[in-house]
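Student: Take this structure first; my questions come after.
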Amino acid sequence: MSVCLPARNEAATISSIVSCIHRELVEQGGLVDELIVIDDSSSDATAELAASAGATVYEASSVLPGRRAGPGKGEALWRSLHVSTGDVVIWCDSDIAAFDTRFITGVLGPLVTEDGIDFVKGFYERPDDGVGGGRVTELVARPLLALFFPELSGFIQPLSGEYGGRRSLLEQLAFATGYGVDLGLLIDVTRRCGPGAVAQVDLGHRPHRHRTLEQLGPQALAVMQVALDRAGVAVPHAAALRRPGLVVQESVFSQCPPLVSVGEYRRRSA
């Protein structure tokens, strides 16, 4: 099993997360075979701290260097799938302040105990919001699911960053390069495998950083771009988010191809 952590400027939390996983699931439990951090162009000490705590660290742009690279969560996840080797791959966000290994073992559970489960999505209680998603989930993602993907309306946190699946499935999927990757993978997995192959698990309590509406706007736009694309709506390659008094932010919609279509990956897997 591979655990992969995408990280960008997470010096405040990355060391404690990696240390916990390495101590309890690598050294003591022997459950995790490789622990990887993909550093997404951090300007702080994220990479150094993660390596010191026991992770194998890759700079995102150094993975598949012949292909276009840019910052973005989806890019980091896709590249982590390329460098990892486990038959099961689990991803977890790197900004969890009170990390516990249940964020890993909870996602893994159905994959090893339930026949026919290929993908697992985590959910948790948010201190400020209760059980359910944050503002982008409730105001953007969930209404879009109701309109275009009602079969996914039962997912408590469709945008959660704690999830995983079998490599044989994940390598066949395109990854949206930005923040919309979490929703895109959920939609694509369900379409490919059917809802019966997807489980969701309660991971307990997770404190969150409270982001401002200014910070959440670009995330919401990225989620909309992916959802509309998956619904068959033509999405412009780039959209400019204009808000009075704020810097214009451009959200480019692009995707990384399924890894099985990438020659370097096929040769590595041969």
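Student: Whether any residue in region 87-99 is at pLDDT 95 or above and loosely packed, with under 14 Cβ neighbours inside 10 Å is what I want to check.
Tutor: Yes, region 87-99 has at least one match.
Student: For region 36-52, name all the residues that are assigned to a loop (DSSP other than H, G, I, E, B) and of a type in the set (A, V, I, L, M).
Tutor: ALA45
Student: Right, another one. Out of VAL233, VAL248, VAL226, report the one residue that is touching a Lys or Arg at 6+ places or on another chain (Cβ under 6 Å) and either free of Cβ contacts under 8 Å to residues at least 60 places away in the same chain or within 22 Å of ASP182 (Cβ to Cβ) (or both).
Tutor: VAL248
Student: Quick one: would you say THR56 is farther than 24 Å from ASP202 by Cα, touching a residue at least 40 places away in the same chain (Cβ under 8 Å), surrounded by fewer than 17 Cβ atoms within 10 Å (Cβ to Cβ) and more than 16 Å from the chain's Cα centre (by Cα)?
Tutor: So THR56 does not fit the description; no.
Student: Tally the residues that are over 17 Å from VAL83 (Cβ atoms) and touching a residue at least 12 places away in the same chain (Cβ under 8 Å), restricting the search to region 30-41.
Tutor: So the answer is 1.
Student: Something else about it: Go through region 156-179 and give me each residue that's in a loop (DSSP other than H, G, I, E, B) and either at pLDDT below 95 or within 19 Å of ILE96 (Cα to Cα) (or both).
Tutor: Within region 156-179, ILE156, GLN157, PRO158, LEU159, SER160, GLY161, GLU162, THR177, GLY178, TYR179 meet the criteria.
Student: Which of the residues spanning region 189-213 are in a helix (DSSP H, G or I) and farther than 25 Å from GLU250 by Cα?
Tutor: Across region 189-213, the qualifying residues are VAL189, THR190, ARG191, ARG192, CYS193, PRO195, GLY196, ALA197.
Student: Could you give every pair whose Cβ atoms fall below 6 Å, whose first residue belongs to region 68-95 and is touching a residue at least 12 places away in the same chain (Cβ under 8 Å), and whose second residue is assigned to a loop (DSSP other than H, G, I, E, B) and among the hydroxyl-bearing types (Ser, Thr, Tyr), counting only separations of at least 6 or pairs across chains?
Tutor: PRO71/SER41; GLY72/THR177; LYS73/TYR179; GLY74/THR177; GLU75/THR177; ASP95/THR13
Student: Here is a list: ASP188, ASP129. Which entry is farther than 19 Å from MET1 by Cβ, surrounded by 13 or more Cβ atoms within 10 Å (Cβ to Cβ) and either at pLDDT below 95 or touching an Asp or Glu at 6+ places or on another chain (Cβ under 8 Å) (or both)?
Tutor: Exactly one of ASP188, ASP129 is farther than 19 Å from MET1 by Cβ, surrounded by 13 or more Cβ atoms within 10 Å (Cβ to Cβ) and either at pLDDT below 95 or touching an Asp or Glu at 6+ places or on another chain (Cβ under 8 Å) (or both), namely ASP129.
Student: Sticking with this structure for a sec: For region 254-270: of the residues being surrounded by 14 or more Cβ atoms within 10 Å (Cβ to Cβ) and either out of contact with any strand residue (DSSP E or B) (no Cβ under 7 Å at 6 or more places or on another chain) or acidic (Asp, Glu) (or both), which is farthest from GLY74 (Cα to Cα)?
Tutor: Among residues in region 254-270 that are surrounded by 14 or more Cβ atoms within 10 Å (Cβ to Cβ) and either out of contact with any strand residue (DSSP E or B) (no Cβ under 7 Å at 6 or more places or on another chain) or acidic (Asp, Glu) (or both), the one farthest from GLY74 (Cα to Cα) is GLU264.
Student: Let me ask something else. Would you point out which residue out of SER41, SER19 is hydroxyl-bearing (Ser, Thr, Tyr) and touching a strand residue (DSSP E or B) at 6+ places or on another chain (Cβ under 8 Å)?
Tutor: Sole residue among the options that is hydroxyl-bearing (Ser, Thr, Tyr) and touching a strand residue (DSSP E or B) at 6+ places or on another chain (Cβ under 8 Å): SER41.
Student: Could you grab me the full set of residues in region 131-163 that are touching a Gly at 6+ places or on another chain (Cβ under 7 Å) and more than 17 Å from VAL226 (Cα to Cα)?
Tutor: Within region 131-163, ILE156, GLU162, TYR163 qualify.
The values are calculated or read from the model by the stated rules, or taken from the named source; none is laboratory data. What you are looking at is a predicted structure, and each value in this text was computed from that prediction instead of being measured. Every residue, glycine as well, gets a Cβ built from its backbone with ideal geometry; the counts of neighbours run over all protein chains shown.
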